[in-house]
Every structure is written in structure tokens, then in C-alpha cells.
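What follows is one structure encoded as C-alpha cells, with my remarks underneath.
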Amino acid sequence: MLKPDLRKQALAKRSALTAQELAMLNESLLKQFKTLDLSNIKSIHIFLPIVHQKEPDTFLIIDWLQENHPGIEIVVPKADFGSSLMSHYSFKDKQDLVNNHYHIPEPQKAKPFTGIPDLVIVPLLAFDVKGFRVGYGKGFYDRFLENINTQKIGLSFFDATPEIIDVHLNDIRLDKCITPTGIIDFG
Ligand SMILES: Nc1nc2c(c(=O)[nH]1)N(C=O)[C@@H](CNc1ccc(C(=O)N[C@@H](CCC(=O)O)C(=O)O)cc1)CN2
Ligand SMILES: Nc1ncnc2c1ncn2[C@@H]1O[C@H](COP(=O)(O)OP(=O)(O)OP(=O)(O)O)[C@@H](O)[C@H]1O
């Protein structure tokens, strides 16, 4: 399928989820996340959820990490919609977050993170069996990930689509994708 159709389909599937389904899917994503081998991971970059878009609730993962892996630094992005670039901050607590115009929570006083995160949890609307992804269509994550060598893991409530036809040269490929039923490794 083509990206615009995949976007529409994913947004429709998400908005049809009931609160109860959403809660179960989020619990399942956390359960799968817990099976990752984090032994060599010192920093994890993770997006903050747009709640009204019914994105995966990454706060469940953040809470679990803070509780069970206090030594891992959590890094969160702030998106600049003028340049389509993201800046990155060391996350400590939710009190520091304020929703921006797009309802994305953003850190206010957090310290900038200047290193390269060992692992990046990537938001998406759809992904295919090769590990290509479709987002909201501004290329934020393609730009962020094009020049850095890190492990890229998607989070999705739904299974892979057979093929994204209109992939382009800039599109980054995921290493893995976490779904409620398992973790797909793209090898
Ligand atoms: N939680 C989260 N943060 C993220 C992303 C994401 O997918 N999820 N992004 C991943 O790259 C970037 C933000 N990308 C975005 C791109 C476009 C719109 C946007 O135009 N929203 C419109 C209409 C949405 C729609 O199509 O229905 C709006 O909210 O009015 C929002 C976010 C960076 N941060
Ligand atoms: N590395 C890059 N440098 C410059 N432009 C880019 C780069 N990556 C993507 N773009 C441009 O950004 C636009 C959106 O790309 P694409 O449709 O792949 O977004 P997406 O992956 O769905 O969005 P997002 O990453 O924000 O979730 C395209 O016009 C593309 O040409």
C-alpha cells in the first residue's frame, strides 16, 4: 500500500479502539518491552505520547525503566515544526512536561542530551515486513536517525503491512518492532 492510505488506515484503526482495548494493548506492549536485553544499554531515547491520537502509552515504559533500570538515562525529544528537526533532553520527571500545539508533551527545564542514545524507540503509524515505517509525514525521525548509529525499535499496536510501496532513499529501516504479540526482528 501507499503511505497516505496506510496513514489513513492506521489512524482509523486507532481511533476505533475502546479505552479498554487501548489499556490491554498498552499492557501487552510493556510486557513485550520487558523482554528486551537491556544489559548493554546506558541511554534510551523514547517519544512522549500524543494521548488524543491514541499513541502507545510510553509513560508505562518510562515508569518501568525508572523503577527497574534506574541507571539507564531516558532521553526525550522536542520537535521544531519549523525546521522538522528534533532536539533531545534528559528526562527526569513528568512535572517538567507541557503539551505543545500538537499535544505532544515536551520538557521545559530538562538538560539537553548531547550524546548518541544506545536505543531509540520510534513512533509510527504503520510498518512493513522489511522494517520500513510510515509516520505522520514530516520526516522527523528520518532526519534524526539518518546519521546516527543506534538500535531503532518501533512500537505498534498493529501487525506489519506486507509492503510500503512508496519508500524513498531517506527512509530509515527499523531493527525491530514491538507489537502486543511479540517482537519482530528485521535482521
Ligand atoms: N509522540 C510523538 N512525538 C513525535 C512524533 C510522533 O509521531 N509521535 N513525530 C514523528 O515523527 C514527530 C511529530 N510529528 C508530527 C507531525 C505532524 C503532526 C500533525 O500535523 N498533526 C495534525 C494533524 C494530524 C493528523 O494527520 O490527523 C494535528 O495534530 O492537528 C503532528 C506530529 C516528533 N514527535
Ligand atoms: N533525511 C532527510 N532529509 C531531508 N528531507 C527528508 C529526510 N527524510 C525525509 N525527508 C522528507 O520529509 C518528508 C516526509 O517524509 P516521510 O513521508 O518519510 O515521513 P514519515 O516518516 O512518515 O514522518 P515522521 O518521520 O515525521 O514520522 C518527505 O518529503 C521527505 O522527502
Check your understanding: If you take every DSSP beta bridge whose two residues both sit in the chain, what share of them, in percent to the nearest 5, is antiparallel?
Key -> 55 percent
Exercise for review: Kindly give the semi-axes, whole Å and largest first, of the ellipsoid equivalent to the range 82-187, taking each as the square root of 5 times a Cα gyration tensor eigenvalue.
Suggested key: 25, 15, 15
Study note, to complete from the structure: Taking Lys and Arg as +1 and Asp and Glu as -1, residues besides Met1 with C-beta under 12 Å from its C-beta add up to -1
Practice item. Note the full-extension length gain between Ser83 and Ile183 as 0.36 nm times their separation in residues minus their Cα-Cα distance, in nm to one decimal. Key: 32.7 nm
Check your understanding: Which of these, Thr35, Thr150, Thr161, has the largest mean-square fluctuation under a Gaussian network model of the chain (Cα springs below 10 Å)?
Key -> Thr35
Practice item. Using only Cα atoms, locate the centre of the range 109-153 and the centre of the range 53-91, then give the distance between them in Å, rounded to an integer. Key: 11 Å
Check your understanding: In the range 40-122, what percentage of the DSSP-assigned beta bridges are antiparallel, given to the nearest 5?
Key -> 65 percent
Study note, to complete from the structure: By Cβ neighbour count within 10 Å, fewest first, Arg7, Arg173 rank Arg173, Arg7
Point to revise | Formal net charge of residues neighbouring Pro70 (Cβ-Cβ distance under 15 Å; K, R +1; D, E -1) | key: -2
Review point. Where the eigenvalues come from the Cα gyration tensor of the chain, what are the semi-axes √(5λ) of the equivalent ellipsoid, largest first, in whole Å?
Key: 23, 19, 18
Exercise for review: Please check which bits of the range 104-137 a label hung off His69 would reach, taking the label as a point 7 Å along Cα-to-C-beta and the cut-off as backbone N under 14 Å.
Suggested key: 117-122
Check your understanding: Based on DSSP H runs of at least 4 residues, each adding -39500 (n - 2.57), what is the mean residue ellipticity at 222 nm of the chain after dividing by all its residues, to the nearest 500 deg cm²/dmol?
Key -> -7500 deg cm²/dmol
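Coordinate-derived values only; no laboratory data. Remember, it's a predicted structure, so these values are computed and weren't measured experimentally. A quick note on method: Cβ atoms are made from the backbone with ideal geometry, for glycine too, and the neighbour counts reach across all protein chains shown.
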